[in-house]
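See structure below.
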Amino acid sequence: MADGGSTGRADGTDGADGADKRDPASGGDGAIHRGHQALFIGGKWVPAAGDGTIEVVDPATEQVIGSVPAGTALDVDTAVRAARAALPGWAATPPADRAAVLAAARDLLAARREEVAATVSAELGAPPAFAAAVHADLPTAVLASYAEMAASHPFEERVGNSRVLQEPVGVVGAITPWNYPLHQIVAKVAPALAAGCTVVLKPAEDTPLVAQLFADVLAAAGLPAGVFNLVTGLGPVAGQALAEHPGVDLVSFTGSTAVGRQIGATAGAAVKRVALELGGKSANVILPGADLARAVNVGLANVFANSGQTCSAWTRMLVDAERYDEAVAIAAAATAKYVPGDRLGPVVNAKQRDRVRGYIRRGQEEGARVVAGGPDAPEGMESGYYVRPTVFADVQPDMAIAQEEIFGPVVVMIRYQDEEDALRIANGTVYGLAGAVWGADEESAVAFARRMDTGQVDINGGRFNPLAPFGGYKQSGVGRELGAHGLAEYLQTKSLQF
Ligand code: NDP
């Protein structure tokens, strides 16, 4: 395999500091990865240009559990140069060889499942079972899908007298959030590498530890030096420098709409490719005749998973006027089972906790009725950024709690009169990321889903599919992640005529 003209194969062990696998930072079987004091650039763990550090806090205990360097614009520049140097070699590497590296990474990540789960559990606060089943297993599944796709994707096709080539876009700047820290990374890095792109990643400052662990995995999988680079740091410093860097050909961002808008404007000014996966305020539409108890219970589980910090969460529950009171009673009773600290983890940090509680107060001020939860700290929780799982009834569609992304365990229940009213409410936000429809039969639910302005809809409790395109209509974003559509984001086409 070509090594991209860089400094040789990355092995993750010959760096300047903190990278030795015997380093306690590297963790062991099921131990928490506590952070390399280095950035991963050009196939090595190297010191950052400055001496700033970011402390990583366990949201459940409020204790510092590790730290990483706060990279600067200088570090980003070094990383982009490494990625550019590695690009010709990796782009020319046969897809089957790229697939082999991804498959090796998948195996290595799967072997470190306990460590991944423990690390995400510690830095995000996710309950251990959820951390293992989702935060560890989902990225492994996505890596596996791109290992297969790299090997089987038709990177060339004949169209009449033309040969159409799909070529890598180039150097990718990936900026990721904290809510699904490894999944969001893998959803960008795996297709980028499968396509033949090279990458500089700036992960969220709250959850950088699992990103470092992933860098070790890629290095151990035999990824050539410089193909993947990791600069931990602050958004307005390292993130902005990456988004603005002229050596980056595509910026792929997941996070808030506010930052996404800024990144889109920067990319537009430079005429460079951009993919934005932004917020959501998805509707869970329960049609007359649907199984009400199931739809309400699954709907609550969908929102309360990951403490409500899921961009695609069905945070607006729409119920017909006739069964509305019954649905509210089911939701209020079911919410009592989500005990903070047990089934429900904390939110990621104090700012997020205050923001979510602020929205709950705002809902009360707007005249909505709290039927479960509320803005106060959960009883008996002395520490940790916990929020009470909260359900609002008597919510009007134009209230702030029904329009804005809260990103916490808060469900708003809205009454509709008929299907046209339900559709108007479902489509009545600036967002369009996901949604759910429950009907008496699949056909009626699908008919409704076709009319929703949103990128993904689950029908009668359909399961998450890591091969299905994921992304937003309207202000929920630009572009798609996962599956073949996710791979296409990292490819550009050239046609040769004969
Ligand atoms: P941000 O959009 O600020 O963070 C996402 C990523 O962007 C992080 O890596 C962040 O770095 C980085 N970033 C921040 N500012 C810049 C910048 N100017 N230029 C480049 N990169 C930047 O989200 P927050 O963490 O502040 O969360 C706020 C709200 O955003 C949430 O309450 C939620 O509503 C929404 N959100 C949506 C997500 C989704 O999946 N759609 C995910 C996360 C948040 P750093 O970590 O240092 O801030």
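The values are calculated or read from the model by the stated rules, or taken from the named source; none is laboratory data. None of the values given here were measured: they were computed from a predicted structure. All Cβ positions, glycine included, derive from the backbone under ideal geometry; neighbour counts span all protein chains shown. Heads up: the accessible areas ignore ligands, DNA and RNA and are worked out on the full protein's heavy atoms, side chains in. Shrake-Rupley method; radii C 1.70, N 1.55, O 1.52, S 1.80 Å.
Take the Cβ-Cβ distance between ASP453 and ASP325 as r, set R0 to 25 Å, and report the resulting FRET efficiency rounded to the nearest 0.05.
On the way: r = 29 Å, r/R0 = 1.15.
About 0.30, to the nearest 0.05.
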*asked:* Taking θ = phi - 60°, what integer Hz values does the Karplus form 6.51 cos²θ - 1.76 cosθ + 1.60 yield along region 481-498, in sequence order, with x for Gly and Pro?
replied: 10, 6, x, 5, 5, x, 5, 4, 4, 9, 10, 10, 10, 10, 10, 10, 9, 10
*asked:* Just to be sure I understand the model, the point goes 7 Å from the Cα along the line to the Cβ. What's the resulting LYS351 to ALA293 distance in nm?
replied: 4.4 nm
_Taking 0.36 nm per residue of sequence separation and subtracting the Cα-Cα distance, how much length would be gained by fully extending the chain between ALA400 and ALA377, in nm to one decimal?_
6.1 nm
*asked:* Over the chain, what is the relative contact order in percent, taking alpha-carbon pairs closer than 8 angstrom and at least six residues apart?
replied: 17 percent
*Amide N proximity, region 114-156 versus SER495 label position 7 Å along Cα-to-Cβ, cut-off under 20 Å*: 154-156
*With a 1.4 Å probe and every protein chain left in place, tell me how much accessible area ILE425 has, in Å² to the nearest 10.*
10 Å²
*asked:* Compute the helix-to-body angle for 113-124: its Cα long axis versus the longest principal axis of the chain, expressed 0 to 90° and rounded to tens.
replied: 60 degrees
_Under the Karplus curve 6.51 cos²θ - 1.76 cosθ + 1.60, θ = phi - 60°, whole-Hz ³J(HN,Hα) for region 106-111, x wherever Gly or Pro sits_ = 4, 5, 5, 5, 4, 5
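Label region 239-386 by shape, choosing from rounded, prolate and oblate, from the square roots a ≥ b ≥ c of the eigenvalues of the Cα gyration tensor; if a/c is under 1.5 it is rounded, and otherwise prolate applies when a/b is larger than b/c, oblate when it is not.
Working: a/c = 2.64, a/b = 1.71, b/c = 1.54.
Because a/c hits 1.5 or more and a/b exceeds b/c, region 239-386 counts as prolate.
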_Check which residues have an amide H placed less than 5 Å from PHE228's amide H, if you skip close sequence neighbours._
VAL199
*Given the pairs LYS44/LYS188; LYS188/LYS272; LYS272/LYS351; LYS281/LYS494; LYS44/LYS202; LYS188/LYS474, which span a C-alpha to C-alpha distance of over 26 angstrom in this model?*
LYS272/LYS351; LYS281/LYS494
*Say the dipole of region 355-498 comes from +1 at the beta carbon of Lys and Arg and -1 at that of Asp and Glu; which of ALA484, PRO389, TYR431 then lies farthest toward its positive end?*
ALA484
*Taking 7 Å along the Cα-to-C-beta vector as the label spot, tell me the ALA31-ALA92 distance in nanometres, rounded to one decimal.*
4.2 nm
*Could you tell me whether region 41-127 comes out rounded, prolate or oblate from its Cα gyration tensor? Rule is a ≥ b ≥ c as square roots of the eigenvalues, rounded for a/c under 1.5, then prolate if a/b exceeds b/c, otherwise oblate.*
oblate
_the chain - charge dipole about Cα centre, Lys and Arg +1 at Cβ, Asp and Glu -1, debye rounded to 20_ = 820 debye
*Could you check the simple spin-label distance between THR266 and ALA468, using points 7 Å along Cα→Cβ, in nm with one decimal?*
3.3 nm
*Amide hydrogen neighbours beyond the local backbone of GLY170, cut-off 5 Å, H modeled*: THR198
*How far is helix 350-366 tilted, in degrees, relative to the longest principal axis of the Cα atoms in the chain, given as a value from 0 to 90 rounded to the nearest 10?*
30 degrees
*Round to the nearest 10 and give me the degree value, 0 to 90, for the angle of helix 257-269's Cα axis relative to the longest principal axis of the chain.*
40 degrees
_List the aspartates and glutamates whose Cα sits under 17 Å from the Cα of LYS337, skipping any in the same chain fewer than 8 residues away._
GLU379
*Name the shape class, rounded, prolate or oblate, that the alpha-carbon gyration tensor gives for region 412-483, where a ≥ b ≥ c are the square roots of its eigenvalues, rounded holds for a/c under 1.5, and otherwise prolate holds if a/b is larger than b/c and oblate otherwise.*
oblate
*Given H placed 1.01 Å from N in the peptide plane, which residues other than close sequence neighbours of ILE414 have an amide H under 5 Å from its amide H?*
MET317, LEU318, VAL319
*Ordering of 350-356, 74-80, 311-317 by packing [mean C-beta count within 10 Å, highest first]*: 311-317, 74-80, 350-356
_Need one number: % antiparallel among DSSP beta bridges in the chain, to the nearest 5._
45 percent
*Considering only ALA445, GLY471, ALA270, whose Cα is most displaced toward the positive end of the charge dipole of the chain, charges sitting on Cβ of Lys, Arg (+1) and Asp, Glu (-1)?*
ALA270
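Helix-only estimate, please: 222 nm mean residue ellipticity of the chain, summing -39500 (n - 2.57) across DSSP H runs of length 4 or more and dividing by its residues, to the nearest 500.
Estimated from H runs of four or more residues: -11000 deg cm²/dmol.
How would you rank 481-490, 55-64, highest first, on the average number of other Cβ atoms within 10 Å across their residues? Before the final figure, lay out each step's value.
Details: 481-490: 21.7, 55-64: 17.2.
Packing proxy ranking, top to bottom: 481-490, 55-64.
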